[in-house]
Amino acid sequence: MGYFLEEFEDHFQAVQAARESLAVPFSKLLAASVAAIRGGNKIMLFGNGGSAADAQHIATELTIRYIKDRAPIAAIALTTDSSALTAAGNDLGFDEIFARQVAALGKPGDVVIGITTSGTSPNVVAALKTARAMGMVTAAFTGRDGGVMPTLADIPLIVPAQSTRRIQEVHILIGHLLCGALETELGLV
């Protein structure tokens, strides 16, 4: 029972700290996302491991539904096409798996969200560099000290926690908040 209670307390502390530090960057991400969708653009998400799962989860909530049935919101996770991932990994190197897809699918005005708990994942870094060079809005869900994300992301959302599990828990919370807020701001619910 002690471990259970300690983990919940640690989670509560991480969420409280994030609530205090992420309100402004979240508002910026929401505004950029609303502008993108209203302008006929899309949201692209990507990351590795658990962050890849988060990218897929958030993209699905946007394209299908979050609160209730409504019109789809244009979003795609760049982590789901096994042929593209393995071809890019084999032919270009693992560091280019997301950058190549951003270059192929992205256009100015899109919002690109890289998810990396460390803030240093080379393939997330490369994709954000590509997106920025192409005129996309770059955002990052990260943690700890943000790694290099503050220099690459127009909108860094840095979870003020040290443990990967707490950072990931807040990332999915922020992703869910983005889905719900987008539905509301776009007048879909």
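The values are calculated or read from the model by the stated rules, or taken from the named source; none is laboratory data. Nothing here was measured: the structure is a model prediction, and the numbers come from that model. Note that we place each Cβ from the backbone using ideal geometry, even for glycine, and neighbour counts take in every protein chain shown. Each accessible area value is taken on the protein alone, full model and side chains, heavy atoms only, with ligands, DNA and RNA left out. Shrake-Rupley method; radii C 1.70, N 1.55, O 1.52, S 1.80 Å.
Given the criteria open to solvent by 60 Å² or more (accessible area, probe 1.4 Å), part of a helix (DSSP H, G or I) and on the phi < 0 side of the Ramachandran plot, does Phe26 qualify? Full working, then the answer.
Details: open to solvent by 60 Å² or more (accessible area, probe 1.4 Å): no; part of a helix (DSSP H, G or I): yes; on the phi < 0 side of the Ramachandran plot: yes.
Judged against the criteria, Phe26 is not a match.
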Practice problem: Give just the number: which of (1) at pLDDT 95 or above; (2) surrounded by fewer than 19 Cβ atoms within 10 Å (Cβ to Cβ); (3) more than 17 Å from Asn123 (Cα to Cα) does Tyr66 not satisfy? | Solution: (2)
Quiz item: Just to be sure, is Thr117 surrounded by fewer than 20 Cβ atoms within 10 Å (Cβ to Cβ), closer than 18 Å to Asn48 by Cβ and touching a strand residue (DSSP E or B) at 6+ places or on another chain (Cβ under 8 Å)?
Solution: no
Self-check item: Every residue from the range 137-178 that is within 22 Å of Thr60 (Cα to Cα), open to solvent by less than 10 Å² (accessible area, probe 1.4 Å) and more than 11 Å from the chain's Cα centre (by Cα)
Solution: Ile167, Val170
Quiz prompt | Qualifying position, being open to solvent by less than 80 Å² (accessible area, probe 1.4 Å) and within 28 Å of Thr184 (Cβ to Cβ), among Ala59, Ala87, Ala103 | solution = Ala59
Quiz item: Given the conditions (1) more than 26 Å from Ala17 (Cβ to Cβ); (2) of a type in the set (Gly, Ala, Ser); (3) touching a residue at least 40 places away in the same chain (Cβ under 8 Å), and given that Ala139 satisfies all but one, which numbered condition is not satisfied?
Solution: (1)
